[in-house]
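Structure first, then comments.
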Amino acid sequence: MKKRLFAALLGSVMLLGALSACGQSAASGSSADPAAGSGNASVRDELNFVNFRDIRDLNPHLYAGEMYAQSILYDTLVRVSDSEDATDGVIPCLAESWEITEEGKVYLFHIRQGVTFTDGAACDAHAIKANFDAILENKNRHTWLEMMNVLESVEAVDEYTLEIRLTSAYYPMLIELGGTRPFAIISPNCMIDGSTMNGVNGHIGTGPYVLTDFVTDEYAVFERNDSYWGEAPAVKKITVKVIPDNQTRIMALESGEIDLIYGKDMLDAEALTSYMESDKFTVELSAPISTRQLLMNTTDEVLGDVAVRKALQHATNKQAISDGIFSGLETPADFLYSSSIPYCDVGLVPYDYDMEEAAAILDEAGWTPGAGGIREKGGVKLSFGLLYCSDRVTEKNIAEYLQQEFRSLGIEMDIHGEEEQSYRDNMKSGNFDMVFNIAWGTPQDPQSSMAAMRAPVYGDFAAQQGLDDKGEIDQAITDILVSTDETGRQELYSFVLTRLHEDAVYIPLTYECNKALHINTLDGVEFDANCYRIPLERMFFN
């Protein structure tokens, strides 16, 4: 309990973290030895970091590359921020100011002057327009962002003025422009005949670091961009080693091979709690960033019954999952989105853990015990499958726990794991009864993840097809995105969140948080308002 209380305190303290410059830049690799990296004897200026896989394709207009790397190489027009200086959730980046006119349909961005890519090319309105042209050429790849459906034109009015025109108002516009991808800006010299959809020939940006060396599946080296337009990072060189295994990463930290482990899935709860009172290492925990959940397919013969879905809500012991699997580091989740997420504190009543209530709901709905103790109704067994990603150990652990819990209620649940790509393909196509899912996280929640419920982007669209009120929910989401009145927008969000809660499509399990474990001499380890971004440029050694 002491450790859990300490973890909660740390999470609260880390809410005070501020934001800094955007970006990334890149070049190809030499063959320097990355193992050295302690800086001078007084104040170090080289950081040894770790990731579970290679940097992969860092094309900022596609989705294969590691976002921590893309975010220190490339900049965006604006950057997502929760600071007091933020306007509509963003602060200036490549655009130092902007105006919104014609009832939210025209955005005029004033581009920061004197900024250059690390290949020497000017980052002006013409270069930024070239990026938007490349992104729009591959428009179908980005339609998970509703902005792509309302974007009418992008024009360079002059060297330092960019105009974006929409067909209708779209309130999350600036938030989506500030995401790590696909609206990050790469040097036009890296494009292939003005295009990026089939690859790029370099990774040159305007951000605080440059990629100077990498060996696939071994390491990547980033060095400070000395021509960076923003505040120069204190750390001059970052070596990122590839270590896939959790325990091996911990051993590398203990031995001094690395200085920092960072990310929601980079540390298991048991390992992290063992360092809570360490005098050599520091644990950092963010506020909730996303919701770990179970998604139920309402077109399924069994799960199409709302009574079954509500019974399963009451039969899920979230506190036991939080304590037993996550050591309290992920707190129990009552709702689809944490109430700390904008627009999501709407006064819903949670489904309390109550096995007697769950049994009573099933009895009343006609699901009575049959052969082998499994409930039946009209000759149909109360049986369904749960799909999980076999690459995530915690999902298997939760699945096995719930399998036993549900069985005591007369519910048969088969569990089945698939590797990540197969798991995602099945989820997107609706080939599941129940599936593990994770909300998109800040800053995409709630607006972007809700927008994607209206199309087969992930599993939400397929899962909701059996709902009688699916059409009403989709229309309300559409109205949210084009709303210009704050009060009306909140009312629409309340309607959607209430309907989804009452339809019991999602079983929220825990609220995920970002985690970091680092040596005590490393300072400035903070969490960004964009949960996919690691603010490496703000770190320094004391």
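Listed by position, the strands (runs of 3 or more DSSP E) enclosed by the stretch 201-319 that each have at least 1 residues that are open to solvent by 20 Å² or more (accessible area, probe 1.4 Å) are 209-215, 219-224, 237-242, 281-296.
Return the residue satisfying two criteria in turn: it lies in the stretch 104-135 and is open to solvent by 30 Å² or more (accessible area, probe 1.4 Å), of a type in the set (D, E, K, R) and not in a helix (DSSP H, G or I), and of such residues it is nearest to Leu62 (Cα to Cα). This residue is Asp119. Residues in the stretch 449-482 that are closer than 21 Å to Leu348 by Cβ, crowded, with 17+ Cβ neighbours inside 10 Å and either touching a strand residue (DSSP E or B) at 6+ places or on another chain (Cβ under 7 Å) or not hydrophobic (A, V, I, L, M, F, W, C) (or both): Ser449, Asp460, Ala463, Gln464, Lys470, Asp474. Of the set (1) modelled with pLDDT of 95 or more; (2) surrounded by fewer than 23 Cβ atoms within 10 Å (Cβ to Cβ), all apply to Asn542 but (1).
Being free of Cβ contacts under 8 Å to residues at least 40 places away in the same chain and within 22 Å of Thr298 (Cα to Cα) is the filter here, so list the residues in the stretch 491-523 that pass it. If the condition is that a residue be free of Cβ contacts under 8 Å to residues at least 40 places away in the same chain and within 22 Å of Thr298 (Cα to Cα), then Phe495, Arg499, Glu502 are the ones that fit. Applying a threshold of 6 Å to beta carbon distances and a minimum spacing of six or more residues, or different chains, the list of pairs starting in the stretch 296-314 at a residue that is within 18 Å of Glu356 (Cβ to Cβ) and in contact (Cβ under 8 Å) with a residue 12 or more places away in the chain and ending at one that is of a type outside the set (A, V, I, L, M, F, W, C) and part of a helix (DSSP H, G or I) reads His314/Glu357. Condition check for Asn138 on (1) open to solvent by 10 Å² or more (accessible area, probe 1.4 Å); (2) among the polar types (S, T, N, Q); (3) under 26 Å from Ser81 (Cα atoms); (4) within 24 Å of the chain's Cα centre (by Cα): one failure, at (3).
Among the residues of the stretch 135-142, is any in contact with a Lys or Arg (Cβ under 8 Å, 6 or more places away or on another chain) and among the charged types (D, E, K, R)? I'd like the intermediate steps shown before the answer.
Here is the first cut: in the stretch 135-142, the ones in contact with a Lys or Arg (Cβ under 8 Å, 6 or more places away or on another chain) are none.
Scanning the stretch 135-142, I find no residue that is in contact with a Lys or Arg (Cβ under 8 Å, 6 or more places away or on another chain) and among the charged types (D, E, K, R), so the answer is no.
Scanning the stretch 178-200 for residues that are farther than 21 Å from Phe222 by Cα, open to solvent by 10 Å² or more (accessible area, probe 1.4 Å) and in contact with a Ser or Thr (Cβ under 9 Å, 6 or more places away or on another chain) returns no hits. No other residue among Ile175, Ile164 is open to solvent by less than 50 Å² (accessible area, probe 1.4 Å), under 15 Å from Val90 (Cβ atoms) and touching a residue at least 60 places away in the same chain (Cβ under 8 Å) apart from Ile175.
The values are calculated or read from the model by the stated rules, or taken from the named source; none is laboratory data. On a predicted model such as this, the values are computed, not experimentally measured, just so you know. Positions of Cβ are generated from backbone atoms using ideal geometry, with glycine treated the same way; all protein chains shown enter the neighbour counts. Heads up: the accessible areas ignore ligands, DNA and RNA and are worked out on the full protein's heavy atoms, side chains in. Shrake-Rupley method; radii C 1.70, N 1.55, O 1.52, S 1.80 Å.
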